[in-house]
Amino acid sequence: MTPEMPDVTRARHGRPVHHWRRDVVELAALFTAVAVADAVANLIGHGPDGPALLVVSAVVLAATAVFHVWWSRRHTHAPPVSDTGARPTAETRPAGPSGQPAVCETGGVLWRMRTTVKDEPGSLAALCAALAERRVDILSLQTHPLAAGTVDEFLLRAPGPLTAAEITRAVALAGGTATWIERADAHDLVDVPTRVLGLAARTALDTAELPLALRQLLGRCTIRSLPGAPAGGGRGPQPVPVEGILEDTVMRLPAPEGGVLTVERPYLPFTPTEFARARALVELDGRLGPRIPDGHDVLTLPEGNDITVRRVDTGDLAAARAMHERCSPHTLGLRYHGPVGDADRYLNHLLSPRFGRTLAAQTASGKIVGLGHLLWDGDETEVALLVEDEWQRRGIGAELLGRLVALAAEAGCASVYAVTKASNTGMVAAMRGLGLPLDYQVEEGTLVITARLAPAPVSTAPRVQPPHLG
């Protein structure tokens, strides 16, 4: 989650989806269809064989509709893997050393599957029987009764040669519709209550864990937090009721710090159960208030000075503003890409643990001389650095950046990006010093550097003593 800031990349990163465009297109298509139908009816109806042609047309349309229903029941409605970001299926995932797909330790391949069946006796039994015929083991099952049917979520262990297409075809023949499937891993073997309690414990220890916990709870999704009073001024978002709003693939909840928290997931609608779990996590975070875990490291710079690196939040706002006052306009301009006088206005948001994590480099006297921010930006992650002029080129920026990237990898982020200028040689050198694959893009006079990470597996267990500063 990231605050609304007048950064030149905000139009590129975390762009909201405008569903009204789809509504306008559908409305225009409806009007066009009515007009065409009226013209055809007038043209044919007044001819010598008009009534007979209209009857034949009606029969053809009815036959087409019946064929469409039959065809849809035989094929899955799941989006392609490339669109959902799901793990590769058995046909496309990388092979192991022997050329065969990787399997779980107990044998077979793990799959997560969701399908909709009719809410009538025997529907679920027919589905389970179809899976059993193909020697698919059901490890866990959750049911979500809805008005139009029942959504069933499965954790499956299937024989290695059985593909995703074969599983969904069997499900469709047994009456399942709108089937979605992706590869699972050992973390999915943890039962849902235990996993939810673990995520709640992580959220209780650290405010910055809320968006990460929501992503682990709901899968691939985009999370945005719009503050009630934007730092740049102007009107805030339309408030939502206390109980929140659920709209198909979008849920809106009152943000703990005020404003609106929006969670959006492509293709796969949220169930009422998922909505209730997400709302409970957000309510827990709001009741506990801002908090960060204790922890710090003492580093010795090449010239012999000791620097303390620790997590900071809005309680360190005064010290951060004092560092701003000691920084030159040139240094502030390289960091904020805008009017230098506005820099202090965004510090409260940048230091808030609800929008990410902030590390500070602090002298023995308590003076902050460097800040590093890791910001949740929708489904992307931004890193930013600011080091006081007198303390630059001593390795402080590189140290902060390395720790921020480690935190991002621990959180399961696939990449991090930094927005700077080509003239900011210090930031460019720090990104290159990570030793990671980098992508460079010049956008509206700025340089966007993206580092691709190899995310470490994220545990849902609470971290009583976090490593380093995590």
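Before moving on, here are some points about what is shown:
- A simple count of charges around D297, restricted to other residues whose Cβ falls under 10 Å of its Cβ and scoring Lys, Arg +1 and Asp, Glu -1, yields +1.
- P(r) weight above 11 Å for the range 126-172, C-alpha pairs, percent: 70 percent
- Residues whose placed amide H lies under 5 Å from that of G160, excluding near-sequence neighbours: G108, V109
- Accessible-area composition of the range 130-265, carbon plus sulfur, in percent [1.4 Å probe]: 57 percent
- Over 21 Å [Cα-Cα, the range 160-235], rounded percent: 56 percent
- Radius of gyration and maximum dimension Dmax of the range 320-413, Cα, Å: 13.1, 38
- Where the range 162-311 is the region considered: accessible area per residue in Å², 1.4 Å probe: 44 Å²
- Pairwise centroid distance, computed over Cα atoms, of the range 251-307 with the range 341-396, Å: 18 Å
- This model, with +1 at the C-beta of Lys and Arg and -1 at the C-beta of Asp and Glu, gives the range 318-419 a dipole about its Cα centre of some 300 debye.
- Average accessible surface area per residue within the range 353-427, 1.4 Å rolling probe, Å²: 30 Å²
- Peptides 218-225, 418-425 ordered by average Cβ neighbours within 10 Å, highest first: 218-225, 418-425
- In order along the range 311-326, phi translates into HN-Hα couplings of 6, 10, 8, 5, x, 9, 4, 5, 5, 5, 5, 5, 5, 4, 5, 8 Hz, rounded to whole numbers, per the Karplus curve 6.51 cos²θ - 1.76 cosθ + 1.60 with θ = phi - 60° and x for Gly and Pro.
- According to the Cα-based calculation, Rg over Rh for the range 251-342 is 1.14, with Rh computed by the Kirkwood formula.
- With all protein chains in place and a 1.4 Å probe, the accessible surface of the range 300-370 carries 50 percent carbon and sulfur.
- Each Lys or Arg adds one and each Asp or Glu takes one away; over the other residues whose Cβ falls under 11 Å from the Cβ of T425, this sums to +3.
- Distances between every pair of Cα atoms in the range 188-285, grouped in 5 Å steps from 0 to the bin holding the largest one, split as 2, 13, 24, 24, 20, 10, 4, 1, 1, 0 percent.
- Here the 3J(HN,Hα) profile of the range 355-372, calculated from phi with Karplus coefficients 6.51, -1.76 and 1.60 at θ = phi - 60°, is 9, x, 10, 10, 10, 10, 9, 10, 7, 4, 7, x, 7, 7, 10, x, 10, x Hz, Gly and Pro shown as x.
- Expressed per residue, the C-alpha convex hull volume of the range 252-305 stands at 170 Å³.
The values are calculated or read from the model by the stated rules, or taken from the named source; none is laboratory data. Everything numeric here is computed off the predicted structure, so don't read it as measured data. Heads up, the Cβs are rebuilt from the backbone with ideal geometry, glycines too, and the neighbour counts pull from every protein chain shown. Keep in mind that these areas ignore ligands, DNA and RNA; they rest on the heavy atoms of the full protein, side chains included. Shrake-Rupley method; radii C 1.70, N 1.55, O 1.52, S 1.80 Å.
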